[in-house]
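*Asks:* Pasting a structure here, questions to come.
The values are calculated or read from the model by the stated rules, or taken from the named source; none is laboratory data. All values derive from a computational prediction rather than experimental measurement. Cβ placement follows ideal geometry from the backbone for every residue including glycine, while neighbour counts extend to all protein chains displayed.
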Amino acid sequence: MGGDGATASANTAGSGYRRREPERTLLHAIVREHWKTFLAGMEERGEGSLPRFVVGEFERYLACGVLAHGFARVRCVACGDELLVAFSCKGRGFCPSCTSRRMHDTAAHLVERVIPQVPVRQWVLSLPRWARFLLARDPALITRTLDIALRGIFAWQRRRARQVGAVGPRAGAVTFVQRFGGALNLNVHFHCLVPDGVFVREEGSVRFVELLPPSDDEVVAVLRRVVARLERLLRPRLASQENDARPLDALGAAQAEALHSLGTAPPDIGRVKKRAAYLQGFSLHAAVHLHENDREGLAHLCGYGARPPFSQERLSHLPDGRLAYRLKRPLGGGRTALLLQPVQLLRRLATLIPPPRAHLLRYHGLC
């Protein structure tokens, strides 16, 4: 059941209902106080307005957990106690409550219903900044980039499987598309959970064939093939964008700023360390491996892939009005926290909101 604020207050006054009030976090207070100022500032600088899906994400977040915007009545059949629970925004962008709940639900679903009890390896593909910007602006490029990366990994698995006598080997993967880095920076990259082996159909049944882990040289070889294909896909689009004299829209300007505000690119020297390869600003890591019986570790790894881009616990308010966002790892120069004005924080969050109908969880092949 739902209702407006007046109805909820009138119907529950003096009744046996308990109301679960929304948690007023620091982030909620910042968005509520500075949202209009943030939008006005973009207009004053001539950047224009944000896309509707970005504006809608912020406005739904402001209504998240507020009884006036709808609620459900929950009743215990045993004791008769009743509780009014406000609707959530179900946002995919930055809402700490909704994205955390989505993370736990996704991890549980994958472990219990999707990923079989086989050894799993995580392959992580990162891209140079120029490529991240292209993918952030075009969800279709994310799909094509991921397809190229997984075809390279699957081809290596099938080749290795045929060497040990597997006939018709099939591979599969579950991929988390992450649009963020640990410092609220725009960083489109991929966390792929790939069974560490292949599936073979034999006489109406399916058998799993475990493979030996990739060597350092094999990770380099996979990355080299992937980079060659990605260069052919992405470089013409980069040239077309550079030749476009039109100014970026408001979101594009914020995304470009977020890409170049932090950190440094991975070393472009082709070196290999612990199943990690670097080439032309691209990197591929395949060091994380889980035993088939480590379902708790798998749940943790799935949760890491589906984790929110923003952590409320790492945000604090400074006496001078600025905000401090504590980092998990120091940046270049030893910085351990971002110091931001409130409108700067909103600008960072706006760049991390995925466009509508752009899936953040992808399935490929057999899992």
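*Asks:* Going by the conditions given, is LEU110 under 18 Å from the mean Cα position of the chain (by Cα) and closer than 20 Å to ARG275 by Cβ?
*Replies:* Values: under 18 Å from the mean Cα position of the chain (by Cα): yes; closer than 20 Å to ARG275 by Cβ: no.
Answer is no for this residue.
*Asks:* Another question, if that's okay. Which residue out of VAL114, VAL77 is among the hydrophobic types (A, V, I, L, M, F, W, C) and under 27 Å from GLY182 (Cβ atoms)? Full working, then the answer.
*Replies:* Values: VAL77 fails: under 27 Å from GLY182 (Cβ atoms).
None of the others qualify; the one that does is VAL114.
*Asks:* A further question on this structure: Grab the strands (runs of 3 or more DSSP E) fully contained in the range 124-228, keeping just those with 1 or more residues being without any contact (Cβ under 8 Å) to a residue 40 or more places away in the chain, surrounded by fewer than 22 Cβ atoms within 10 Å (Cβ to Cβ) and of a type in the set (Lys, Arg). Before the answer, list the steps.
*Replies:* Values: elements: 172-180, 186-195, 197-202, 205-210.
In the range 124-228, 197-202, 205-210 are the strands (runs of 3 or more DSSP E) which contain 1 or more residues that are without any contact (Cβ under 8 Å) to a residue 40 or more places away in the chain, surrounded by fewer than 22 Cβ atoms within 10 Å (Cβ to Cβ) and of a type in the set (Lys, Arg).
*Asks:* Find the residue count for the range 170-225, including only residues that are more than 30 Å from HIS260 (Cα to Cα) and hydrophobic (A, V, I, L, M, F, W, C). Don't jump to the end; show me each part of the working.
*Replies:* Restricting attention to the range 170-225, the residues satisfying the condition of being more than 30 Å from HIS260 (Cα to Cα) are 170-173, 194-218.
When the remaining residues are screened for being hydrophobic (A, V, I, L, M, F, W, C), the result is 171, 173, 194, 198-200, 206, 208-209, 211-212.
Qualifying residue count, the range 170-225: 11.
*Asks:* Looking at ARG113 and the list (1) assigned by TED's automatic domain parsing to the domain that holds SER316; (2) closer than 29 Å to ASN185 by Cβ, which single condition is not satisfied?
*Replies:* (2)
*Asks:* Now, a different point. Go through LEU184, LEU193 for me and flag whichever is at positive phi and of a type outside the set (Phe, Trp, Tyr).
*Replies:* Details: LEU193 fails: at positive phi.
Of the residues listed, the single one that is at positive phi and of a type outside the set (Phe, Trp, Tyr) is LEU184.
*Asks:* Checking the structure you have, find out if any residue of the range 294-308 is surrounded by 19 or more Cβ atoms within 10 Å (Cβ to Cβ), in contact with a helix residue (DSSP H, G or I) (Cβ under 6 Å, 6 or more places away or on another chain) and outside any loop (DSSP other than H, G, I, E, B). Walk me through how you get there before you give the answer.
*Replies:* So the first thing to find is which residues in the range 294-308 are surrounded by 19 or more Cβ atoms within 10 Å (Cβ to Cβ), and the list is 298, 301-302, 305-308.
Those left that are additionally in contact with a helix residue (DSSP H, G or I) (Cβ under 6 Å, 6 or more places away or on another chain): 298, 302, 306-308.
Checking which are outside any loop (DSSP other than H, G, I, E, B) leaves us with 298, 302.
Yes, the range 294-308 has at least one match.
*Asks:* Among the residues of the range 96-117, write down those that are part of a loop (DSSP other than H, G, I, E, B) and surrounded by fewer than 17 Cβ atoms within 10 Å (Cβ to Cβ).
*Replies:* Pass one, the range 96-117, residues part of a loop (DSSP other than H, G, I, E, B): 115-117.
Residues satisfying the conditions are PRO116, GLN117.
*Asks:* Using beta carbons and a limit of 6 Å, which pairs, at least six apart or on different chains, have the first residue in the range 338-367 and at positive phi and the second one at pLDDT 95 or above?
*Replies:* GLY365/ALA171; GLY365/GLY172
*Asks:* From ALA245, ALA265, grab the single residue that is within 27 Å of LEU331 (Cα to Cα) and either modelled with pLDDT under 85 or in the same structural domain as GLY48 (by TED's automatic domain parsing) (or both).
*Replies:* Working: ALA245 fails: within 27 Å of LEU331 (Cα to Cα).
The conditions single out ALA265.
*Asks:* A further question follows. Looking only at the range 221-237, count how many residues are acidic (Asp, Glu) and more than 24 Å from the chain's Cα centre (by Cα). Break it down into steps so the answer makes sense when it comes.
*Replies:* Of all residues in the range 221-237, those acidic (Asp, Glu) come to 231.
Pick out the ones that are also more than 24 Å from the chain's Cα centre (by Cα) and you get none.
So the count comes out to 0.
*Asks:* Is it the case that some residue within the range 311-319 is surrounded by 14 or more Cβ atoms within 10 Å (Cβ to Cβ), hydroxyl-bearing (Ser, Thr, Tyr), within 18 Å of the chain's Cα centre (by Cα) and in a loop (DSSP other than H, G, I, E, B)?
*Replies:* Going through the range 311-319, the residues surrounded by 14 or more Cβ atoms within 10 Å (Cβ to Cβ) turn out to be 311-312, 314-315.
Filter once more, so that each one left must be hydroxyl-bearing (Ser, Thr, Tyr): 311.
Filter again for within 18 Å of the chain's Cα centre (by Cα), leaving 311.
Then keep just the ones that are in a loop (DSSP other than H, G, I, E, B); that gives 311.
So far as the range 311-319 goes, yes, one or more of its residues are surrounded by 14 or more Cβ atoms within 10 Å (Cβ to Cβ), hydroxyl-bearing (Ser, Thr, Tyr), within 18 Å of the chain's Cα centre (by Cα) and in a loop (DSSP other than H, G, I, E, B).
*Asks:* Still on this model: Of the residues that sit in the range 318-337 and are of a type in the set (A, V, I, L, M, F, W, C) and without any contact (Cβ under 8 Å) to a residue 60 or more places away in the chain, which one is nearest to ASP147 (Cα to Cα)? Full working, then the answer.
*Replies:* Of the residues in the range 318-337, the ones of a type in the set (A, V, I, L, M, F, W, C) are 318, 323-324, 327, 331, 337.
Restricting the remaining residues to those that are without any contact (Cβ under 8 Å) to a residue 60 or more places away in the chain gives 318, 324, 337.
Details: LEU318: 45, ALA324: 38, ALA337: 36 Å.
If we take residues in the range 318-337 being of a type in the set (A, V, I, L, M, F, W, C) and without any contact (Cβ under 8 Å) to a residue 60 or more places away in the chain, then ALA337 is nearest to ASP147 (Cα to Cα).
*Asks:* In this structure, is GLY93 modelled with pLDDT of 90 or more, surrounded by 14 or more Cβ atoms within 10 Å (Cβ to Cβ) and either within 30 Å of GLU296 (Cα to Cα) or not assigned by TED's automatic domain parsing to the domain that holds GLY303 (or both)? Spell out the reasoning first.
*Replies:* On the way: modelled with pLDDT of 90 or more: yes; surrounded by 14 or more Cβ atoms within 10 Å (Cβ to Cβ): yes; either within 30 Å of GLU296 (Cα to Cα) or not assigned by TED's automatic domain parsing to the domain that holds GLY303 (or both): yes.
When the stated conditions are applied, GLY93 passes them.
*Asks:* Looking at SER240 and the list (1) under 29 Å from the mean Cα position of the chain (by Cα); (2) outside any loop (DSSP other than H, G, I, E, B); (3) in contact (Cβ under 8 Å) with a residue 24 or more places away in the chain, which single condition is not satisfied?
*Replies:* (3) is the only condition that SER240 fails.
*Asks:* Return a yes/no flag: does the range 38-55 have any residue that is exposed (fewer than 13 other Cβ atoms within 10 Å of the Cβ), touching a residue at least 12 places away in the same chain (Cβ under 8 Å) and of a type in the set (A, V, I, L, M). Lay out the reasoning, then the answer.
*Replies:* Restricting attention to the range 38-55, the residues satisfying the condition of being exposed (fewer than 13 other Cβ atoms within 10 Å of the Cβ) are 40, 43-46, 52.
The next check asks that each one be touching a residue at least 12 places away in the same chain (Cβ under 8 Å); those that pass are none.
No; the residues of the range 38-55 include none that is exposed (fewer than 13 other Cβ atoms within 10 Å of the Cβ), touching a residue at least 12 places away in the same chain (Cβ under 8 Å) and of a type in the set (A, V, I, L, M).
*Asks:* Then there is this: Which one is farthest from PRO116 (Cα to Cα), of the residues in the range 201-210 that are at pLDDT 95 or above and touching a Phe, Trp or Tyr at 6+ places or on another chain (Cβ under 9 Å)? Show your work before the answer.
*Replies:* From the range 201-210, those at pLDDT 95 or above are 208-210; that's our starting set.
Pick out the ones that are also touching a Phe, Trp or Tyr at 6+ places or on another chain (Cβ under 9 Å) and you get 208-209.
Numbers: PHE208: 10, VAL209: 13 Å.
Top of the filtered list is VAL209.
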